[in-house]
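Read the structure below first, then the notes.
The values are calculated or read from the model by the stated rules, or taken from the named source; none is laboratory data. Note that the structure is predicted; figures quoted are calculated from it, not measured. When we count neighbours, we look across all protein chains shown, and the Cβ atoms used for this are built from the backbone with ideal geometry, even at glycine.
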């Protein structure tokens, strides 16, 4: 009998038996001790459904496919996620791989579980132009589902972690792509949500398959170093434990080691050899209370000398992802640098599990919401960004910006701490407070001193944003803002404003074109039934979804107003409405005989929909022409502009008549060419003359050549009209040392 039980005679389980064991629900049951019997039963039902759905499917390793959903559910169970999350983990590939529909899941397991599974499902059924677009759209869907319910990303991270653990079974040609995606996307998301253990594991697994040779070499070096330094680490542990015993402070001390990927990254970024990376080892000190963290640090600083500049207090100012600890680096025996982290048990749970700590707390104390807020601000910002961004690739760009792991901590004037990504500017800060603050920002003070809006934030800055009700976002801000929220808000505002202005311009242009055809725009009422049918026919002809879309296209130059007007006339005739001959003759025959519609009046209030050409810079009083660039809106040129004449010769049908309003509402920019006799203070005198004539200087160009006796200066100035310009020219001409002054001609 004893011979039968000896180890050499015990038969090993066959691969088939091992697979069956891994595929059974029993593997998961052991981890569900925190659930009620009813919840366990619900999870078991989901397991049976998934097992049946995946029947006959195998993984690359040859194991039954169900082993993967079970492994994902096991990871979720370690985070103590609820029954719905575990059911979704077991069913997460059912829609994508098994042809199960969302309504089926709703009927069988309820809407919340079906929503979780749908959020995890890639968009395989949609066609995209590129693989990148498909991937971006999949992430957009997943992240939006995650913003509504953070369990989506927790299940997704558990799914990706198991896929990375078994990547060795996947064809080697896919290793680099999957590892790079994990390193660029999933590891930063895990870090952003405070899932530190998952973050470290995903980094190391990605490194292992992205750079197999470097991974193997570093692993060997680390094993050797571990052997060499074992005595030092053991001695430090004994001395530290003894110091805490003397002070009668109960602590749990554990050694920790830098991950292979973080060692590799440090070597790569700082051009170090492995031997030069000194802070590979460290200790974690877990204490009973917040005050004990600081007491523990004092004990350690008495034991070993601290390294200057290597102390960080993440308890007073937590990281963006909720992480809290005291960090200090000490010089241990034989000059070895060793990092210590002091934290409480609650901080440790958050440090390792981040957002998932909410469920860990909930399992221990159902009434606790200590970590409910973890990651909530970032998740909400995803919804805000989505609201303004319909393009998947643009959305993903914004999100990647916000996965920045480093942060600076700044203060509002009321001493509220705000964490911002490193490199963030005043504008980012303004949008982080509120969209309206960002939109209306005109100036800022940092620590009481006025600074430009593009100034970068530094740790400890106290920032006051000054707003004005008439201010709007500047397109130039997109060149320096760093946060996804600020970028998406600015883009959305500019797009909305541009479309609104283009629609208003389109309305004006269509009204002018209709008048040229003898139709008053007012008689084409939208609410009249007969006219409503006419508009429907016009929209079918143009392919626009609404009148607003059509007017916007006219304003952007995508449609010609005169062509739409000519299409409307016969439709009105069918309804018994004829053109007004008097109106037609008055409007059609203008000074611009080459154009086929009445002149559009401009006063400078048109905004982004009308651009004044930089080649000739027209001002009120100049003869002007309007060119409808395709998708660019209306571009206004002077009638003698060389560029306009070139466009007219090949694209004359896109020109429309435009005229200045009697009372323009703003100043316009033009260029002056001033020839001076070089001497001390001459530039200041010319600038004073321009200021005296009430012309604002927008730029000055002195050229690249060395100053001669006679030198040309080019000024960009703003003037009200040609009369004001003449006054400015006279004022500058009278200035001593000015030889000649003239308005810079197009092409000059």
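Residue 248: part of a strand (DSSP E or B) and either within 36 Å of the chain's Cα centre (by Cα) or assigned by TED's automatic domain parsing to the domain that holds residue 328 (or both), yes or no? Talk me through it step by step, then tell me what you get.
Values: part of a strand (DSSP E or B): no; either within 36 Å of the chain's Cα centre (by Cα) or assigned by TED's automatic domain parsing to the domain that holds residue 328 (or both): yes.
It is false that residue 248 is part of a strand (DSSP E or B) and either within 36 Å of the chain's Cα centre (by Cα) or assigned by TED's automatic domain parsing to the domain that holds residue 328 (or both).
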- Item | Restricting segment 632-658 to residues that are within 42 Å of the chain's Cα centre (by Cα), assigned to a helix (DSSP H, G or I) and touching a residue at least 60 places away in the same chain (Cβ under 8 Å), the residue that is farthest from residue 509 (Cα to Cα) | 643
- Query: Exactly one of (1) under 29 Å from residue 712 (Cβ atoms); (2) free of Cβ contacts under 8 Å to residues at least 24 places away in the same chain is unmet by residue 613. Its number?
  - Reply: (2)
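Mind listing whichever residues of segment 659-684 are more than 18 Å from residue 743 (Cα to Cα) and either surrounded by fewer than 16 Cβ atoms within 10 Å (Cβ to Cβ) or under 39 Å from the mean Cα position of the chain (by Cα) (or both)? Show your work before the answer.
In the first step, residues of segment 659-684 are kept if they are more than 18 Å from residue 743 (Cα to Cα); the result is 659-666, 677-682, 684.
Answer for segment 659-684, where residues must be more than 18 Å from residue 743 (Cα to Cα) and either surrounded by fewer than 16 Cβ atoms within 10 Å (Cβ to Cβ) or under 39 Å from the mean Cα position of the chain (by Cα) (or both): 661, 662, 663, 665, 666, 677, 678, 679, 680, 681, 684.
Need at least 3 residues that are over 24 Å from residue 190 (Cα atoms) per element, so show me which helices (runs of 4 or more DSSP H) inside segment 31-108 make the cut, counting only ones lying wholly within it.
On the way: elements: 37-53, 67-78, 83-91, 94-98.
Correct list: 37-53, 94-98.
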- Note on the structure: Per the filter on segment 188-198, residues crowded, with 24+ Cβ neighbours inside 10 Å and modelled with pLDDT of 85 or more are 198
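Are there strands (runs of 3 or more DSSP E) fully within segment 411-503 with at least 2 residues that are without any contact (Cβ under 8 Å) to a residue 60 or more places away in the chain and more than 30 Å from residue 322 (Cβ to Cβ)? List them. Steps first, answer last, please.
Working: elements: 417-421, 441-446, 449-451, 463-467.
In segment 411-503, 441-446, 449-451, 463-467 are the strands (runs of 3 or more DSSP E) which contain 2 or more residues that are without any contact (Cβ under 8 Å) to a residue 60 or more places away in the chain and more than 30 Å from residue 322 (Cβ to Cβ).
Taking helices (runs of 4 or more DSSP H) that do not extend beyond segment 270-374, which have at least 1 residues that are modelled with pLDDT of 80 or more?
In segment 270-374, 290-303, 345-353 are the helices (runs of 4 or more DSSP H) which contain 1 or more residues that are modelled with pLDDT of 80 or more.
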- Tally time: how many residues in segment 508-522 are part of a loop (DSSP other than H, G, I, E, B) and at pLDDT below 75? 1
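Given the condition without any contact (Cβ under 8 Å) to a residue 24 or more places away in the chain and outside the structural domain of residue 506 (by TED's automatic domain parsing), answer yes or no: does some residue in segment 664-681 qualify? Talk me through it step by step, then tell me what you get.
From segment 664-681, those without any contact (Cβ under 8 Å) to a residue 24 or more places away in the chain are 680-681; that's our starting set.
From what is left, the residues that are outside the structural domain of residue 506 (by TED's automatic domain parsing) are 680-681.
Scanning segment 664-681, I find at least one residue that is without any contact (Cβ under 8 Å) to a residue 24 or more places away in the chain and outside the structural domain of residue 506 (by TED's automatic domain parsing), so the answer is yes.
Within the group 438, 476, which residue is farther than 14 Å from residue 413 by Cα and at pLDDT below 85? Spell out how you get there, then give the answer.
Numbers: 438 fails: at pLDDT below 85.
None of the others qualify; the one that does is 476.
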- Query: What is the number of the single condition among (1) closer than 22 Å to residue 33 by Cα; (2) surrounded by 15 or more Cβ atoms within 10 Å (Cβ to Cβ) that residue 54 does not meet?
  - Reply: (1)
- Taking segment 205-224 and keeping residues surrounded by fewer than 20 Cβ atoms within 10 Å (Cβ to Cβ) and within 27 Å of the chain's Cα centre (by Cα) leaves 210
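Looking at segment 614-634, can you tell me whether even one residue there is out of contact with any strand residue (DSSP E or B) (no Cβ under 9 Å at 6 or more places or on another chain) and modelled with pLDDT under 80? Spell out how you get there, then give the answer.
From segment 614-634, those out of contact with any strand residue (DSSP E or B) (no Cβ under 9 Å at 6 or more places or on another chain) are 630-631; that's our starting set.
Retained after the next criterion (residues that are modelled with pLDDT under 80): 630-631.
Checking segment 614-634: at least one residue is out of contact with any strand residue (DSSP E or B) (no Cβ under 9 Å at 6 or more places or on another chain) and modelled with pLDDT under 80.
Here's the yes/no breakdown for (1) within 21 Å of residue 422 (Cα to Cα); (2) in the same structural domain as residue 547 (by TED's automatic domain parsing):
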{"position": "442", "(1), (2)": "no, no"}
{"position": "458", "(1), (2)": "yes, no"}
{"position": "472", "(1), (2)": "no, no"}
{"position": "484", "(1), (2)": "yes, no"}
{"position": "503", "(1), (2)": "no, yes"}
{"position": "506", "(1), (2)": "no, yes"}
{"position": "512", "(1), (2)": "no, yes"}
- Could you run through segment 231-252 and say how many residues are in contact (Cβ under 8 Å) with a residue 40 or more places away in the chain and touching a strand residue (DSSP E or B) at 6+ places or on another chain (Cβ under 9 Å)? 8
- Task: Looking only at segment 266-282, decide whether some residue is over 21 Å from residue 229 (Cβ atoms), touching a residue at least 40 places away in the same chain (Cβ under 8 Å) and surrounded by fewer than 16 Cβ atoms within 10 Å (Cβ to Cβ).
- Result: no
